[in-house]
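**Q** Next up is a structure, given as structure tokens.
The values are calculated or read from the model by the stated rules, or taken from the named source; none is laboratory data. These numbers were taken from a predicted model, which means no experiment stands behind them. Cβ coordinates were reconstructed from backbone atoms using ideal geometry, including for glycine residues, and neighbour counts include every protein chain displayed. Accessible surface areas use protein heavy atoms only, side chains included; no ligands, DNA or RNA. Shrake-Rupley method; radii C 1.70, N 1.55, O 1.52, S 1.80 Å.
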Amino acid sequence: MEFGELDKPTDVEWLNPVYVKIADRPPERISGPAQALVCLAQQWPAQLGKEPGQARAECVSAMAGKLDAEYARKAFVNAALKANVVGFVTSAAYFQRI
């Protein structure tokens, strides 16, 4: 399933959000697959490797109800780690200290 093939997007949210800090932008809270897809499509730094594509595919599958959303979260975190844009914290205040 590709990004454009999602018939009815769902409001799936992760148990814990992921905070990303991309370039000079303020930290952003990503709460679920739909927000992750927007982030990957519009803000993500250029990156080689399979991680961004895998994250996109798993987010679409989670939104379609074909995959547990936490698997999509894990794929998004892996892509963010590879791109060096993630912090494993529960508060955006962490980024003010680094």
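**Q** If I compute solvent accessible area with a 1.4 Å probe over the protein chains, what percent of it on region 19-74 is carbon and sulfur?
**A** For region 19-74, the apolar C and S fraction of the accessible surface comes to 51 percent.
**Q** Restricting to DSSP loop positions (anything but H, G, I, E, B) with no more than 14 other Cβ atoms inside 10 Å of their own Cβ, which chymotrypsin sites (Phe, Trp or Tyr not before Pro) remain in region 39-90? Walk me through the numbers before you get to the answer.
**A** Details: sites: Tyr71, Phe76, Phe88; in loops: Phe88.
The qualifying sites are Phe88.
**Q** If Lys and Arg each add +1 and Asp and Glu each add -1, what is the summed charge of the other residues whose beta carbon sits under 12 Å from the beta carbon of Leu67? Intermediate values should be presented prior to the final figure.
**A** Values: positive: Lys66, Arg73, Lys74; negative: Glu58, Asp68, Glu70.
Charge balance near Leu67 sits at 0.
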